[in-house]
Amino acid sequence: MKVSVAPERRAQLRALGLVAPLLIFIGVTFIAPLATMLTRSVHDPVVADALPETLALLEAWDGTGTPPEAVYAAAARELERATAERTVGQVAGRVNRVQGGLRSVVTGTARDLGDIGQGPWREAMTAIDEAWADPATWHAIRTTGERFTARHYLNAVDLQRLPDGSVASQPEERRIYLRLFLRTLMVSGVITLLCLLLGYPIAHLIARAPPHRANLLLVLVLVPFWTSLLVRTTAWIVLLQTQGVLNDILVAMGLVSDDGRLAMVYNMTGTIVAMTHVLLPFMVLPLYSVMRGIPATHMNAAASLGATPLQAFLRVYWPQSLPGVGAGALLVFILAIGYYITPALVGGSDGQLISNMIAYHMQTSLNWGLAAALGGVLLAGVLVLYALYDRLVGVERMGLG
């Protein structure tokens with residue numbers, strides 16, 4: 001008996017077939033990397049896989065004094081095996097992230113253990129390096145031996161877990177991430193405000209211009225999209241550097257002396273100027289899409305009722321343009337939070353944002369767990385801001401054209 005498929009069912013299957021490539025693309029390029037990042041931020045099995053017997057014995061250790069001889073013997077066997085499997089470097093790196101200076105202790109001990117025939121292992125390992133007589137070394141190994149851990153997230157907010165299990169602030173010299181997060185939020189807010197102040201009149205001018213002139217102005221706004229980000233950033237370095245074009249103009253006009261040229265690049269000033277230029281179109285386009293739908297007769301009607309131009313703008317035009325303001329501000333702010341190339345090139349040490357630190361841990365220190373945790377905190381912050389915006393303004397009021 002032949003079973004017929006209802007027309008509605010066929011339509012649903014056809015629609016699903018049309019969107020399936022898009023869903024697969026999003027899953028492969030966005031959801032899967034995001035899930036991998038979030039998993040890596042809490043899952044770190046390297047030490048647990050390399051030193052399982054040592055970690056099992058350390059669970060019974062009370063944390064005071066040095067562990068018993070059995071722990072030393074297990075550690076010696078497993079370090080030798082890790083050396084043979086060429087994983088001892090990864091183990092040393094993980095332990096060193098919890099307590100600095102232990103990388104050389106672990107690798108050196110693993111290398112020298114081959115020359116020792118038999119125990120007692122406590123005396124043998126302590127003779128190789130006195131750090132093995134320090135309980136803090138074993139606390140570090142036990143801490144890094146957790147397969148699932150919140151250690152990276154604690155580090156991302158300048159906290160640490162003490163040997164007794166309590167949570168405390170990092171030492172003053174290691175408290176850098178919260179400061180970077182606050183700097184990133186502040187810079188993103190300033191850039192969003194500057195883009196709004198510059199983009200609002202530009203969008204209004206385009207919306208009220210004749211069609212042929214509006215098209216030309218839109219092309220000028222879109223020019224940055226057609227230019228390489230690296231080229232635009234490099235151009236700002238040429239313009240803003242001490243011997244650059246802008247300083248030459250100021251010296252020629254007598255506004256500054258030749259010896260008093262302004263430092264406008266490789267600092268926060270350069271970061272804000274360059275990022276404002278790059279992100280300005282993301283503010284102008286949503287504003288323009290909303291403003292072109294606001295009839296000019298509304299302002300005329302307000303004027304005919306006795307409103308001054310300022311009153312007409314604040315009570316008639318501005319409320320109608322708020323969906324574009326919200327969309328543009330949200331776009332610019334979220335993009336500014338995650339910007340990396342521009343601060344890296346023009347920011348110097350004073351203009352770096354949290355994205356630069358994430359890139360550092362991904363590419364240089366290879367501490368991918370901490371980089372993933374920093375990215376997770378940043379993602380959570382963006383989601384909180386988005387939810388706050390939705391609650392206060394309403395996402396449905398955003399206008400994107």
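The values are calculated or read from the model by the stated rules, or taken from the named source; none is laboratory data. Just so you know, these numbers come straight off a predicted model, no measurement behind them. Cβ placement follows ideal geometry from the backbone for every residue including glycine, while neighbour counts extend to all protein chains displayed. Remember, those area values only see protein heavy atoms, side chains included, never the ligands or the DNA or RNA. Shrake-Rupley method; radii C 1.70, N 1.55, O 1.52, S 1.80 Å.
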For this session: Using just the helices of the chain, give the 222 nm mean residue ellipticity in deg cm²/dmol: DSSP H runs with n ≥ 4 each add -39,500 (n - 2.57), and the total is spread over all residues, rounded to 500.
Result: -20500 deg cm²/dmol
Problem set entry | Efficiency of FRET between residue 388 and residue 69 - r from beta-carbon atoms, R0 56 angstrom, step 0.05 | 0.50
Problem set entry | Sum of side-chain charges, residue 366 neighbourhood, beta-carbon under 15 Å (Lys, Arg +1; Asp, Glu -1) | +3
For this session: Could you give the spread of the C-alpha atoms of the range 46-146 along their three principal axes, from largest to smallest, in whole angstroms?
Result: 31, 26, 23
Seminar exercise, completed: Membrane-span-like helices (DSSP H runs, Cα span along own axis at least 18 Å, mean Kyte-Doolittle at least -0.5) in the chain -> 7-26, 69-84, 177-208, 268-291, 318-337, 368-392
Exercise. On the first, second and third principal axes, largest extent first, how far apart are the outermost C-alpha atoms of the chain in Å?
Worked result: 97, 93, 36
Exercise. Taking the highest mean first, how do the peptides 222-234, 20-32 order by number of other beta carbon atoms within 10 angstrom per residue?
Worked result: 222-234, 20-32
For this session: Read phi for every residue in the range 44-58 and hand back ³J(HN,Hα) as whole Hz from Karplus 6.51 cos²θ - 1.76 cosθ + 1.60, θ = phi - 60°, with x for Gly and Pro.
Result: 9, x, 4, 5, 4, 6, 7, 10, x, 5, 4, 5, 5, 6, 5
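Please report, largest first and rounded to whole Å, the three semi-axes of the ellipsoid equivalent to the range 238-352, where each semi-axis is the square root of five times an eigenvalue of the C-alpha gyration tensor. It would help to have the intermediate numbers written out before the result.
On the way: eigenvalues 302, 87, 19 Å².
Listed largest to smallest, the semi-axes of the range 238-352 are 39, 21, 10 Å.
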Problem set entry | Neighbour net charge for residue 71 - beta-carbon separation under 13 angstrom, K R +1, D E -1 | -2
Exercise. When the solvent-accessible surface of protein heavy atoms is calculated with a 1.4 angstrom probe, in what order do 49, 134 fall, highest first?
Worked result: 49, 134
For this session: For the range 84-137, run through the trypsin sites (Lys or Arg not before Pro) and keep only the ones in DSSP coil with at most 10 other Cβ atoms within 10 Å of their Cβ.
Result: 86
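Carbon and sulfur together cover what percent of the accessible area of the chain at a 1.4 Å probe radius? Display every interim value, and only then the final one.
Working: 14340 of 22000 Å².
Answer for the chain: carbon and sulfur cover 65 percent of the accessible area.
Would you mind getting the accessible area per residue of the chain, heavy atoms of the protein chains only, 1.4 Å probe, in Å²? Please list the in-between numbers first.
On the way: 22000 Å² over 401 residues.
Value returned for the chain: 55 Å² of accessible area per residue.
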Exercise. For residue 291, what accessible area in Å² do you get when you roll a 1.4 Å probe over the heavy atoms of the protein chains, rounding to the nearest 10?
Worked result: 0 Å²
Seminar exercise, completed: Whole-percent tail of the Cα-Cα distance distribution for the range 177-397, cut at 23 Å, equals 58 percent
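For the chain, what is the charge dipole size about the Cα centre, in debye to the nearest 20, if Lys and Arg each add +1 at the Cβ and Asp and Glu each add -1 at the Cβ? Write out the running numbers ahead of the final one.
Numbers: 29 positive and 27 negative charges, 467 e Å.
Magnitude of the dipole: close to 2240 debye.
If R0 is 22 Å, what FRET efficiency do you get for residue 310 and residue 208 from their C-beta distance, rounded to 0.05?
On the way: r = 17 Å, r/R0 = 0.79.
Given R0 = 22 Å and the Cβ-Cβ separation, E is 0.80.
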